[in-house]
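Beneath this line is the structure, given in structure tokens, with notes to follow.
No value in this document is a laboratory result; all are computed from the given coordinates. Everything numeric in this text was worked out from a predicted model, so none of it was measured. Positions of Cβ are generated from backbone atoms using ideal geometry, with glycine treated the same way; all protein chains shown enter the neighbour counts.
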Amino acid sequence: MTPQSLTTSYKRKGGTKAWLFSLLLILGAALAACGGGGNGTSQSSSHNNYLTIQTGPNGDFTRNFGPYAPNANPGTQGMVYETLLYVNGFSNKVTPWLATDYKFSSDNKTLTFTLRQNVKWSDGKPFSSADVAFTLNLLKKYPAADSNGLWNYFNSVTTPDDHTVVINMKKVYTPILWNVGGTTYIVPEHLWQNVGDPTKYTNPNPVGTGPFVLKNFSSQLIDYTKNTSYWQSGLPKVDELRYPSYNSNQSLELDMDKGVLDWVSLYTPNLQKGYVDRDPAHNKYWFPPNNAVSLIMNLTKAPFNNVNVRKAISIALDRDQMSKVAESNFEAVGSPTGLLLPAQKDYLASDYQNTTWQAPNVAEATKLMESAGYKKGSDGIYVGPDGKKLSFNLNVVTGWSDWVTMCQMINSQLKAIGIQTNVSALSYASYINALNMGSFDMSIGSFGAGPTPFYSFNSMLSKAKSAPIGQQAASNFERWMDPATEKLLDQYATTTDLNAQKQAIQGLEKIMVEQVPVVTLVNGAAWNEYSTKNFTGWPSVDNPYAVPPPWQYPDAEQVVLHLTPVQ
């Protein structure tokens, strides 16, 4: 799977079909020129300095290069449209980008960006603070485009001069830096001032500040060429980006194995034999943890509103089996704290340094169920005080075979403690709708991460991300409502003091361990295969300068700008 953020399109799977955000969703590419096309395997280049990329089997492309439109083509975000900052999703390190500096006021209620000078749009027009203010105010005018909820916190945006943007806040919310600086794509006012709703504008001929512009487009191939007037001198070193379309995992895997593609995101249990062993000198992969794959329970329903039942369910599960069998050892067992370890080890509370999931314990689970007032019927299934059996639907997306396998394991393991589940394979749309509206019993799912654990905890546990049953929740699908949780999230979000933020994260870890609002299973992998045959400089466990999959934006731009062609 290729998981992405729950707050965007929940999760997208490459392979047996991965965001979820979102993150997550095949995001985009932009057109600076019209033209014919071809396919990714038949075109040639006199210099052979082109990078062939696939983000997953997405079918034929349509001419959609709007950075705020649904299902924009690969490359739109990052390769063409850029952000003010780049925030590393592993280290939280901030790198200046279209902005050279940022500063919070002493009360954290004003955020000021200083913009880079001498940046031009690819049509030659100058980039200025007016473009940034226009973009942000466009999101205010059309709230559907404001997926980060910026205007929940913004009061106003002003531009004292051509290179300064001042954001005045309604209330203190320091994580806004990543939302506005690291994940908001700036568009040119002179071309966008009359486009209307950006979620409906497909932007057929885009103009950005990024390192690439469109060379050719067809439904089978998107072909970008480098922006020769890009603001970073000497970059990119890659001359072209080619995104061929694929309609199936099988055809994509075949071309990946044959060496047709340089950079891919695909889950395949046959990776070692089919891909790596064919060219071990060049065919590589790095699958860092990208989200927490979890069992989500509807906490508005009995018995999931009982903490002892949640604990019983959790200790009945064999996560080691899920990791080894369902995920082919590519996804490690998750942490009870909800942290993505080892990447987030600096936030791990001392009390949980050695806390891991143990082998399933049916005896202890039985004690917990009985302490919650449940007794087994003659068929071995628990019955509640109302006389109803504990029998529930467990939702999963049809065709996402690794998650389907995990659900089948959950079915068997919960039956052993007296809870009956019926695995319900749904279309993606029905699956997401059930989570959004709260019309589910149990569901497997994943929660997207960010530069610190705050972002996954906020997505998973914040009251603001929830909604009453029958209304659409943004990402707190289990409907966790807890004043102590809100206080800790607020503690983190209202300060820039790193120690205070770490204390808040560790308090949230305690809630995860002791109250089990969701049941973590495995760390969802960021599926990322790449070849060093034509290009070097890829991110790795030793040099994690960006989150590596080609669908991760704007990180994908960082990856391409680090690549050097093999001579």
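Output ³J(HN,Hα) for the stretch 488-501: one whole-Hz value per residue in order, computed from phi by the Karplus curve 6.51 cos²θ - 1.76 cosθ + 1.60 with θ = phi - 60°, and x for Gly and Pro.
5, 4, 5, 4, 5, 7, 9, 8, 10, 6, 5, 5, 5, 5
Pick the calculated percent of Cα pairs over 35 Å apart for this structure from (i) 37; (ii) 64; (iii) 43?
Answer by label: (i).
Could you pull out the trypsin sites (Lys or Arg not before Pro) across the stretch 81-154 that fall in loop regions by DSSP (anything but H, G, I, E, B) with no more than 13 other Cβ atoms inside 10 Å? If you can, show how the numbers build up before the last one.
Details: sites: Lys93, Lys103, Lys109, Arg116, Lys120, Lys140, Lys141; in loops: Lys93, Lys109, Arg116.
Sites meeting the loop and neighbour criteria: Lys93.
Quick one: compute the contact order of the stretch 85-192, relative version, from alpha carbon pairs under 8 angstrom and 6+ residues apart, as a percent. Each step should come with its number before you reach the end.
Details: 158 pairs, mean separation 30.4, N = 108.
Worked out over the stretch 85-192, it gives 28 percent.
Return the FRET efficiency for the residue pair Gln567, Asn118: r is the Cβ-Cβ distance, R0 is 30 Å, and the value is rounded to the nearest 0.05. Don't skip to the answer; put the middle values down first.
On the way: r = 31 Å, r/R0 = 1.03.
Using R0 = 30 Å, I get an efficiency of 0.45.
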